[in-house]
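Take a look at the structure below.
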Amino acid sequence: MRSTRSAGATAFRLFNYGTLTLVALLCILPLVHIFAVSLSSAEAVNGNQVGLWPVDFSLGAYRASFDAPFLSALSVTMQRIVLGTAINMLVTFLMAYPLSKESDRFPYRNVYVWILVFTMLFSGGLIPTYILAKQLHLLNTMWVLVLPSAVNVFYIILLLNFFRQLPKEIEESALMDGASYFKSMYKIYLPLSKPVIATLLLFCIVTHWNAWFDGIMFINDTDKYPLQTYLQLLLQKSKSVLSLEDAKMAAEDAAKTSIYGAKMFLSLLPIIALYPFLQKYFTEGIVIGAVKG
Amino acid sequence: MIKPKLKPLKWKQSWQLHAMLLPGMIFVVLFAYLPMVGITIAFQDFNPTKGFFGSKWLGLDNFKYMLELPDTYRIVKNTVIIAALKIFFGFLAPIVFALLLNEVKNKLWKRGIQTFVYFPHFVSWVIMGGILVNILSRNGGAVNQLLVAIGIEPVFFLGDPGWFRVTLVVTDVLKEFGFGAIIYLAALSGINPALYEAAVIDGASRFKQTLHVTLPGIMHVAVLLGILSIGNILNAGFDQIFNLYNYLVLDSSEIIDTWVYSMGLLQAQYGLATAVGLLKSVVAFALIAGSYKLAVKFANYRIF
């Protein structure tokens with residue numbers, strides 16, 4: 001009896017570890033492959049010799065990657081991240097604090113909440129948003145990339161739920177001693193919120209780094225494209241070749257393939273660099289934000 | 001001793017709180033509510049030079065025209081099919097993954113797997129699309145090379161209308177299942193260990209423990225997420241499809257969002273595109289509001 005059960009358990013364990021490892025590899029190997037392609041010579045890429053290890057190692061693709069449009073797009077994205085994250089964080093903090101008060105303490109809290117919830121459920125849609133940006137003369141500016149996304153209701157909910165689980169008494173005594181709400185927020189809540197602020201900071205940075213569609217929609221001046229928009233248009237151009245019926249994928253396109261690979265990998269680097277910090281925080285952040293309420 | 005309780009705030013004391021909300025509220029009104037006013041375009045023959053007030057009113061003509069378009073039926077069908085498949089598998093995969101990962105006792109191994117499967121969530125669909133176009137291409141793509149090596153005919157993943165949908169669903173699930181599992185893993189770690197001990201004493205096998213302790217332990221999360229996902233039935237994944245599709249697979253993969261984009265912004269059919277977008281928003285609103293209500297009822301969920 002005992003031995004059959006443990007044999008079954010061993011079989012399950014083997015199956016389980018095997019499947020999960022396979023799935024985990026499936027998630028990461030495509031990235032490894034692109035990395036290998038970016039470090040291989042054009043001939044090796046052209047001959048489809050590259051698997052998970054660079055063939056005919058060459059840094060040529062990376063040298064070719066840093067061309068003017070790439071660097072310009074990189075700098076736009078950097079500016080966007082600094083400005084956008086600052087605005088996001090400020091607005092989120094200023095909104096989450098009052099909304100974390102109970103509605104019997106803070107009158108009209110529920111009115112504000114409904115105004116915000118409604119924007120989660122219903123939106124004007126693509127065309128009206130575009131026309132609005134046009135009429136506000138925001139097209140082709142940095143502002144159109146950072147202002148429409150200034151208020152993120154999910155971030156507000158996350159921070160608000162964090163505030164709620166802090167003991168109320170700390171603030172109450174401060175308020176009774178005559179502190180203003182601004183002071184209480186700044187002196188009490190801000191210092192206590194470091195973990196959730198770190199989570200939000202990382203989310204903001206990743207979101208701004210990854211955003212591409214607003215660039216396509218609102219920006220048509222090539223000098224002002226953010227990085228992902230620039231990449232999207234670049235890769236989109238290459239795609240028409242890859243999806244065509246004919247096999248004559250020209251040799252020069254293969255040379256480009258490793259450059260595309262290099263550009264893609266370069267634009268993943270910040271995410272890879274941030275990832276260890278992200279992973280440390282987001283589990284907690286997501287669970288607070290999603291289940292509790 | 002009864003704690004002294006603060007009284008409700010009068011305007012004089014609460015103006016600071018209102019003031020804090022003001023900047024955000026201005027942004028909300030400007031960028032969320034003003035575009036809703038722009039919905040009037042759906043009832044107009046909108047001419048950008050004449051603006052909202054100068055354009056000719058059409059009443060429901062845009063909607064009538066939309067219903068007569070053969071495209072409409074096709075894009076709604078594509079949207080619902082793709083979204084339904086993604087919702088179904090995107091719901092199951094994280095649960096199965098979380099259950100299996102929960103059985104991995106080797107801490108290092110577990111962490112390694114988690115690190116790998118969470119990562120794709122943070123990769124934008126632009127990059128993911130670029131990678132997929134590369135590895136799935138029929139001529140020399142890594143996946144097809146692998147298929148040929150084990151004696152299978154190469155598959156035109158991104159160019160065959162049938163395969164394209166499969167590719168969409170599989171790649172979407174692969175990208176997101178790990179991240180989706182986080183919440184289940186949290187629920188699993190919250191299960192009281194005493195329940196397992198009791199089950200062992202009652203002679204339950206590992207499988208029975210899973211069936212009677214583990215599954216009920218994550219049921220409330222599953223119900224909640226399942227209900228909330230209903231609201232997404234018209235969201236087939238704009239980012240993904242926009243970055244992967246091409247004219248060969250347009251018939252099977254053009255969805256409402258991509259259609260609105262190309263009709264509205266590329267062909268400047270503002271009125272028609274807004275009408276389609278509005279219809280989508282209204283249906284989505286009803287679905288999301290309904291699913292939130294269900295979530296409140298069955299899972300005691302509160303948004304704020």
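If you take the residues of segment A:134-147 that are surrounded by 17 or more Cβ atoms within 10 Å (Cβ to Cβ) and of a type in the set (Val, Ile, Thr), which of them is nearest to A:ILE197 (Cα to Cα)?
For segment A:134-147, the residue satisfying everything is A:VAL146.
It is to be established whether one or more residues within segment B:150-157 are in contact (Cβ under 8 Å) with a residue 60 or more places away in the chain and of a type in the set (Phe, Trp, Tyr).
Filtering segment B:150-157 for residues in contact (Cβ under 8 Å) with a residue 60 or more places away in the chain gives none.
Scanning segment B:150-157 turns up no residue that is in contact (Cβ under 8 Å) with a residue 60 or more places away in the chain and of a type in the set (Phe, Trp, Tyr).
I'd like the full set of residues that are more than 8 Å from chain A (Cβ to nearest Cβ) and touching a Phe, Trp or Tyr at 6+ places or on another chain (Cβ under 8 Å), limited to segment B:79-98.
Looking only at segment B:79-98, we keep the residues that are more than 8 Å from chain A (Cβ to nearest Cβ), and these are B:79-96, B:98.
Passing the criteria: B:GLY90, B:ALA93, B:PRO94, B:ILE95, B:ALA98.
From A:LEU145, A:LEU139, A:LEU166, grab the single residue that is more than 7 Å from chain B (Cβ to nearest Cβ), in contact with a Pro (Cβ under 9 Å, 6 or more places away or on another chain) and in contact (Cβ under 8 Å) with a residue 12 or more places away in the chain. Walk me through how you get there before you give the answer.
On the way: A:LEU139 fails: in contact with a Pro (Cβ under 9 Å, 6 or more places away or on another chain); A:LEU166 fails: in contact with a Pro (Cβ under 9 Å, 6 or more places away or on another chain).
Criteria check complete, one pass: A:LEU145.
Would it be correct to say that A:ALA150 is in a loop (DSSP other than H, G, I, E, B) and either crowded, with 18+ Cβ neighbours inside 10 Å or more than 29 Å from the chain's Cα centre (by Cα) (or both)? Quick ask: steps written out before the conclusion?
On the way: in a loop (DSSP other than H, G, I, E, B): yes; either crowded, with 18+ Cβ neighbours inside 10 Å or more than 29 Å from the chain's Cα centre (by Cα) (or both): yes.
Yes.
Give me the residue from segment A:85-104 that is open to solvent by 40 Å² or more (accessible area, probe 1.4 Å) and either under 21 Å from A:LYS187 (Cβ atoms) or among the charged types (D, E, K, R) (or both) and, out of that set, farthest from the other protein chains (Cβ to nearest Cβ).
Looking only at segment A:85-104, we keep the residues that are open to solvent by 40 Å² or more (accessible area, probe 1.4 Å), and these are A:86, A:90, A:102-104.
Retained after the next criterion (residues that are either under 21 Å from A:LYS187 (Cβ atoms) or among the charged types (D, E, K, R) (or both)): A:86, A:90, A:102, A:104.
Numbers: A:ALA86: 13, A:LEU90: 8, A:GLU102: 9, A:ASP104: 6 Å.
Only one residue tops the list, namely A:ALA86.
Is one or more of the residues making up segment A:219-229 of a type in the set (S, T, N, Q), in a helix (DSSP H, G or I) and surrounded by fewer than 21 Cβ atoms within 10 Å (Cβ to Cβ)? Break it down stepwise before answering.
First, pick out the residues of segment A:219-229 that are of a type in the set (S, T, N, Q): A:220, A:222, A:228-229.
Filter again for in a helix (DSSP H, G or I), leaving A:222, A:228-229.
Filter again for surrounded by fewer than 21 Cβ atoms within 10 Å (Cβ to Cβ), leaving A:222.
Yes.
Can you tell me how many residues in segment A:174-194 are open to solvent by less than 60 Å² (accessible area, probe 1.4 Å), free of Cβ contacts under 8 Å to residues at least 24 places away in the same chain and in a helix (DSSP H, G or I)?
4
Every residue in segment B:252-304 that is within 30 Å of A:ALA96 (Cβ to Cβ), within 7 Å of another protein chain (Cβ to nearest Cβ) and either open to solvent by less than 50 Å² (accessible area, probe 1.4 Å) or not in a loop (DSSP other than H, G, I, E, B) (or both), please.
B:SER281, B:PHE285, B:ILE288, B:ALA289, B:TYR301, B:ILE303, B:PHE304
Looking at (1) within 24 Å of the chain's Cα centre (by Cα); (2) within 18 Å of A:ARG109 (Cβ to Cβ); (3) open to solvent by 60 Å² or more (accessible area, probe 1.4 Å), which is the only condition A:PHE162 fails?
Result: A:PHE162 fails condition (3) only.
Sort out which residues of segment A:105-118 are of a type in the set (Ser, Thr, Tyr) and more than 7 Å from chain B (Cβ to nearest Cβ), and write them in order of number.
Step one: filter segment A:105-118 for residues of a type in the set (Ser, Thr, Tyr), giving A:108, A:112.
Within segment A:105-118, just A:TYR108 meets the criteria.
Across segment B:191-211, what is the total count of residues that are surrounded by 13 or more Cβ atoms within 10 Å (Cβ to Cβ), among the hydrophobic types (A, V, I, L, M, F, W, C) and within 35 Å of the chain's Cα centre (by Cα)?
Summing the residues that are surrounded by 13 or more Cβ atoms within 10 Å (Cβ to Cβ), among the hydrophobic types (A, V, I, L, M, F, W, C) and within 35 Å of the chain's Cα centre (by Cα) in segment B:191-211 gives 3.
Pairs under 6 Å by beta carbon, first residue closer than 11 Å to A:SER38 by Cβ and of a type in the set (D, E, K, R) in segment A:50-61, partner open to solvent by 30 Å² or more (accessible area, probe 1.4 Å) and outside any loop (DSSP other than H, G, I, E, B), six or more apart or different chains?
Cβ pairs passing all conditions: none.
Among the residues of segment A:35-65, write down those that are under 28 Å from the mean Cα position of the chain (by Cα), in a helix (DSSP H, G or I) and surrounded by fewer than 17 Cβ atoms within 10 Å (Cβ to Cβ).
Matches in segment A:35-65: A:ARG63, A:ALA64.
With segment B:54-156 as the region, which helices (runs of 4 or more DSSP H) entirely inside it contain at least 1 residues that are surrounded by fewer than 20 Cβ atoms within 10 Å (Cβ to Cβ) and of a type outside the set (A, V, I, L, M, F, W, C)? Spell out how you get there, then give the answer.
Working: elements: B:61-68, B:70-102, B:107-118, B:125-136, B:142-149.
Where helices (runs of 4 or more DSSP H) fall fully within segment B:54-156 and carry at least 1 residues being surrounded by fewer than 20 Cβ atoms within 10 Å (Cβ to Cβ) and of a type outside the set (A, V, I, L, M, F, W, C), they are B:61-68, B:70-102, B:107-118, B:142-149.
Please specify each residue of segment B:221-251 satisfying the condition of being surrounded by fewer than 19 Cβ atoms within 10 Å (Cβ to Cβ), within 9 Å of another protein chain (Cβ to nearest Cβ) and part of a helix (DSSP H, G or I).
B:PHE238, B:ASP239, B:TYR247, B:LEU248
Hey, can you tell me all the residues within segment A:260-283 that are over 17 Å from A:HIS208 (Cβ atoms) and either among the aromatic types (Phe, Trp, Tyr) or crowded, with 22+ Cβ neighbours inside 10 Å (or both)?
A:TYR260, A:GLY261, A:ALA262, A:LYS263, A:MET264, A:PHE265, A:TYR281
The values are calculated or read from the model by the stated rules, or taken from the named source; none is laboratory data. Please read all numbers here as calculations on a predicted model, not as lab measurements. So basically every Cβ, Gly included, is an ideal-geometry build from the backbone, and we count neighbours across all protein chains shown. The accessibility values were calculated without ligands, DNA or RNA, using every heavy atom of the protein model including side chains. Shrake-Rupley method; radii C 1.70, N 1.55, O 1.52, S 1.80 Å.
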